[in-house]
1. Could you tell me whether segment B:8-295 comes out rounded, prolate or oblate from its Cα gyration tensor? Rule is a ≥ b ≥ c as square roots of the eigenvalues, rounded for a/c under 1.5, then prolate if a/b exceeds b/c, otherwise oblate.
2. Ranking request for peptides A:224-234, A:35-45: highest mean number of other beta-carbon atoms within 10 Å first, then the rest in descending order.
3. Defining a contact as two alpha carbons under 8 Å apart and six or more residues distant in sequence, what relative contact order in percent does chain A show?
4. For B:His302 and A:Arg297, what does the FRET efficiency come to when R0 = 51 Å and r is the distance between their Cβ atoms, rounded to the nearest 0.05?
5. Please report B:Leu206, A:Leu160 as a ranked list, fewest other C-beta atoms within 10 angstrom at the top and most at the bottom.
6. Report, by chain and number, residues whose modeled amide H sits under 5 Å from the one on A:Ser49, excluding near sequence neighbours (fewer than 5 apart, same chain).
7. How shielded is A:110-116 by partner chains, expressed as the average number of their Cβ atoms within 10 Å of its Cβ atoms?
8. Work out the length of the dipole vector of chain B about its Cα centre, built from +1 on the beta-carbon of each Lys and Arg and -1 on the beta-carbon of each Asp and Glu, and round it to the nearest 20 debye.
Number of protein chains: 2
Amino acid sequence: MTEKKRLYIQEVATRDGFQNEKQFVDTDAKISLIDELSECGYAKIEVTSFTSPKAIPALRDAEAVMHGIVRKEGIVYTVLVPNVRGAERALSCGVDEVNLVMSVSESHNRTNLRMSREQSFAQLRDVVNVVKSTPVAINVSLSTSMGCPMEGDIPAGHVLDWMQRFADLGAHGVTLCDTTGMAYPAQVGELCRLARERFPALELTLHFHNTRGMALANTLAALDAGVDRFDSSLGGLGGCPYAPGATGNVCTEELVHMLELNGYDTHVDLQRALSASTRLPALIGHDVPSQLLKAGRRLDLHPMPPADAVPEQRAFANEGS
Amino acid sequence: MTEKKRLYIQEVATRDGFQNEKQFVDTDAKISLIDELSECGYAKIEVTSFTSPKAIPALRDAEAVMHGIVRKEGIVYTVLVPNVRGAERALSCGVDEVNLVMSVSESHNRTNLRMSREQSFAQLRDVVNVVKSTPVAINVSLSTSMGCPMEGDIPAGHVLDWMQRFADLGAHGVTLCDTTGMAYPAQVGELCRLARERFPALELTLHFHNTRGMALANTLAALDAGVDRFDSSLGGLGGCPYAPGATGNVCTEELVHMLELNGYDTHVDLQRALSASTRLPALIGHDVPSQLLKAGRRLDLHPMPPADAVPEQRAFANEGS
């Protein structure tokens, strides 16, 4: 018996998911969901974002949520922080980690964050300087690391250069984000190998979107390159604002389902995560992209339909292959 | 420069897709679509099914479709055939290949085909005996090869035994079908390696469903095991009758998009396939599962939104990662 390889699953639905939702999710409902997520076995939960309430009204209750949740030993509770003001708010709530975000492509950074990359970097450097003297960990999420919807391909060398700049500042971890689902497996494998080789001490996370159906295939490629840490979003929550109807973040339950079947130890209780996922549509007012929620786990078996059932009632009778 | 590995893509939308549709697709529309598919670069097109018009009314025009299409040199035009009567009809239309279907699990065979596996095998043996004396090729699609929704796991040895029985009869090819999307990558890799090792002379096709999001990940596993031939369905057409709303067959455009990005030569003109896929909703009266149709190819770039656009209009401005 070989021991199963441990993987680290990081839930982003209550931040990266909720921030895109038009319907405000009640603070108590957020707290109750996060408390349920804390029982699911995640390594990390991205609780909320300490951005301006005007910029992201969906997460205007960041303090109340951070103070309201029951924090469980062993889970890293992280929050997105855009600037020093946000960092101070986050630190006052006793977060375990701050997550800083900027894009590696100039166009996307200007569009998403309304400033140049150098302006973003300067702002995030100030954040690092505030947080560095505390025990709070610092992660940097690099958007558009596998392609920019306006500029196209981003050379791996550029991505590594941005990693270097944040490693030099003292960041503990970096997340390579496939912000609009442009990553493909061969590219992911190469970028991950280069990143792990050059930054063996950085905690490396991969953040995939399923926009073009490749999120789980990209996960396999990252695993092959030795990556052991993945962001995912319950229910697949988290829109892709430029493509209405398109899927966003890779779905936690589909990711965990595949990884566990493939023999990895994710520590995530899939049944419990699925049960939490069923709560989402009521909270956000619409269906979620999760296929697994519709189809069930692969061994959630079905009874045989009665022999005399008419074709429409015989659930599997489609003469299909 | 190493030469790109050639892969063979087999389109099943007009058979495995249309047979599940409630709305009858006009015969002329079917012919026009198949003629367009013939220009896309597929290795094989599953045109229709010579089943009883009562069993599958959606494909009651099988003869008219086969006679109506313009057949292009180099493409194998195959049809599903359930019995000797169907085989005689198919042969009279000059098909290139007949595709026979049965399940490797008893429950699914009884539910889908209303007979035991041995009854199915006897019936298909009669078909083989009719077709064998002609130049028409014989493929056998083995449903539930990677799991049965009623029985659960199917041992790989049982699947190989069924392959053996059809190889002994003289079948040219076998398709291993993940009928209800229960396959996972580690399982696919192992089954494909065993199948290729034991039956090096059989043309092996993998037929994945994306029911639980793993179709493209499973494709990577099959590729690693040396498989070079895949079924797929334009637009992701082809329901999963037991899970309403769940995705069915792996989507041709998403499969080809990933394979080409990963450096394979599929011979499929992706732009043309996408254009054909846009015709589907009008034909069947509803949206198709294809994510790529919504999101576009990864390098279909977008202009930067105007600098003064309000957040709701700034397509990428979600402060997301």
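1. Details: a/c = 1.34, a/b = 1.08, b/c = 1.25.
Because its axes are fairly even, with a/c under 1.5, segment B:8-295 counts as rounded.
2. On the way: A:224-234: 23.0, A:35-45: 20.5.
Sorting A:224-234, A:35-45 by mean packing, highest first, produces A:224-234, A:35-45.
3. On the way: 599 pairs, mean separation 58.6, N = 321.
Relative contact order of chain A: 18 percent.
4. Numbers: r = 37 Å, r/R0 = 0.72.
Rounded to the nearest 0.05, the efficiency is 0.90.
5. Numbers: B:Leu206 29, A:Leu160 19.
Fewest-to-most Cβ neighbours within 10 Å comes out as A:Leu160, B:Leu206.
6. Those lying under 5 Å, H to H, from A:Ser49 are A:Leu80.
7. Values: counts 5, 10, 7, 2, 5, 0, 0.
Across the residues of A:110-116, the mean count of other-chain Cβ atoms within 10 Å is 4.
8. Numbers: 30 positive and 40 negative charges, 118 e Å.
In total the dipole reaches around 560 debye.
Every read-out reported here was derived from the displayed coordinates using simple, explicitly stated rules and does not represent laboratory data. What you are looking at is a predicted structure, and each value in this text was computed from that prediction instead of being measured. Cβ atoms come from the backbone with ideal geometry, glycine included; neighbour counts cover every protein chain shown.
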